[in-house]
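Some notes on the structure that comes next.
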Amino acid sequence: MINIRKIALVIAATSFLFATGLAQAQGYPQKGTTIRIIVPFSAGSGTDVMTRTLIEDVQKSLSGVTVVIDNKAGANGAIASEIVSKAAPDGNTLLLVTSSAFSANPWLMKKLSYDPVKDFTPIVRVVDFPFMLVVSGTSPIKTLDDLVKHIQSGAKMAMGYGNATGQVANAHLMKAAKFEGVSVPYKSTPPAMTDLIGGQFEAMFVDMASSQGLVKDGRIRPLAVMADRRSKLMPNLPALGEKFPGFNYVAWGGLVGPAGLPAEVVTKMQATFSSSLANPSVVKRFGELGLEPYPSTTAEFANFILEQKGAWGAKIKDAGIQPE
């Protein structure tokens, strides 16, 4: 026999939860609230510089709401990702995630505390991070050709990295150029660049955003863009693919929230961030930082996350990197 009372209770409970979720989403974000944007790398990193530049404009569109940036560096973004995956799906805790955490970590780590697809709600793709191969400004290696000669001489080169992009690129360069090298891991890019300048290792891959100041004052020397084609941002710099084809990774950044975000929250933040990414002053500033704005629809971003997870997996396997 059907228990009418139990059915009524289930319907009532479901209606309450739906109404509560809808009420929270309506008028989002409410005045007086604080939205926390978690950044998975340390202050001064490319992701941090980009996020602060963007949020300065986003804040103007969210009247009466405070947006704060919370840096949670470590484990190629896994620490920050786990925090957000467990956050309440109310739109008050979001993640400026990068390809390190969502595209690379699933293939670099044996045990991952989050699922890039199941545990998050995609909101909007934000940016691409062009990467460069760089050496210290005092290095005798002054050009890509010099680097090739150095490698061909049989030298065992040490290379640092501060994120998954650098780790994968190091391995691919060693394989493509057929040389033995040592890859030195760092928690984030800034301390790695400090040791590069100090001569602790010879070269590294670094994003343009976090290295522009050091390039301008001559403390770091760029040799090539980590791509098969030259960058519009630095057209005089050769592409690494001109010598060693295959360096076509997409180092990206985007905004996500915990799984289960109400549609109204996603729509609001997608529109707000896309508007800021189209602001000429933001576009200009991004260009100065070596960043390419890349706004998208939520559906496009969701598909992109899936595509990039597969693409990075193929690159990592080809590089022979074993998960740890």
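The values are calculated or read from the model by the stated rules, or taken from the named source; none is laboratory data. Keep in mind that this is a model prediction, so the values were computed, not measured. No Cβ is skipped: glycine too gets one built from the backbone with ideal geometry, and neighbour counts run over all protein chains shown.
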>> The conditions are (1) modelled with pLDDT of 50 or more; (2) exposed (fewer than 12 other Cβ atoms within 10 Å of the Cβ); (3) of a type outside the set (Val, Ile, Thr), and residue 1 fails exactly one of them. Which is it?
In response: (1)
> So how many residues does the range 168-182 have that are surrounded by 24 or more Cβ atoms within 10 Å (Cβ to Cβ) and either touching a Phe, Trp or Tyr at 6+ places or on another chain (Cβ under 6 Å) or not assigned by TED's automatic domain parsing to the domain that holds residue 136 (or both)?
Replying inline: 2
>> Could you list, ordered by first residue, the pairs with Cβ atoms under 9 Å in which the first is in the range 86-101 and over 18 Å from residue 269 (Cα atoms) and the second is of a type in the set (Val, Ile, Thr), at least 6 apart or interchain?
In response: 99/165; 99/250; 100/47; 100/165
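For residues that are of a type in the set (Phe, Trp, Tyr) and in contact (Cβ under 8 Å) with a residue 40 or more places away in the chain, scanning just the range 106-157, find the one that is surrounded by the fewest Cβ atoms within 10 Å (Cβ to Cβ). Explain how you work it out, then say what you get.
First, the residues of the range 106-157 that are of a type in the set (Phe, Trp, Tyr): 107, 114, 120, 129, 131.
When the remaining residues are screened for being in contact (Cβ under 8 Å) with a residue 40 or more places away in the chain, the result is 107, 120, 129, 131.
Numbers: 107: 21, 120: 26, 129: 26, 131: 28.
If we take residues in the range 106-157 being of a type in the set (Phe, Trp, Tyr) and in contact (Cβ under 8 Å) with a residue 40 or more places away in the chain, then 107 is surrounded by the fewest Cβ atoms within 10 Å (Cβ to Cβ).
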>> Restricting to the range 268-324, count the residues that are under 11 Å from residue 125 (Cβ atoms) and not assigned by TED's automatic domain parsing to the domain that holds residue 46.
In response: 0
> Of the residues 222, 258, 262, 191, which single one is within 22 Å of the chain's Cα centre (by Cα), assigned by TED's automatic domain parsing to the domain that holds residue 40 and of a type outside the set (A, V, I, L, M, F, W, C)?
Replying inline: 258
> Out of 221, 230, 285, which single residue is free of Cβ contacts under 8 Å to residues at least 24 places away in the same chain, surrounded by 15 or more Cβ atoms within 10 Å (Cβ to Cβ) and within 19 Å of residue 130 (Cβ to Cβ)?
Replying inline: 230
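Determine whether residue 200 is polar (S, T, N, Q), assigned to a loop (DSSP other than H, G, I, E, B), surrounded by fewer than 22 Cβ atoms within 10 Å (Cβ to Cβ) and not assigned by TED's automatic domain parsing to the domain that holds residue 54.
yes
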>> Show me the helices (runs of 4 or more DSSP H) found entirely inside the range 205-311 where at least 2 residues are of a type in the set (S, T, N, Q) and more than 21 Å from residue 38 (Cα to Cα).
In response: 208-216
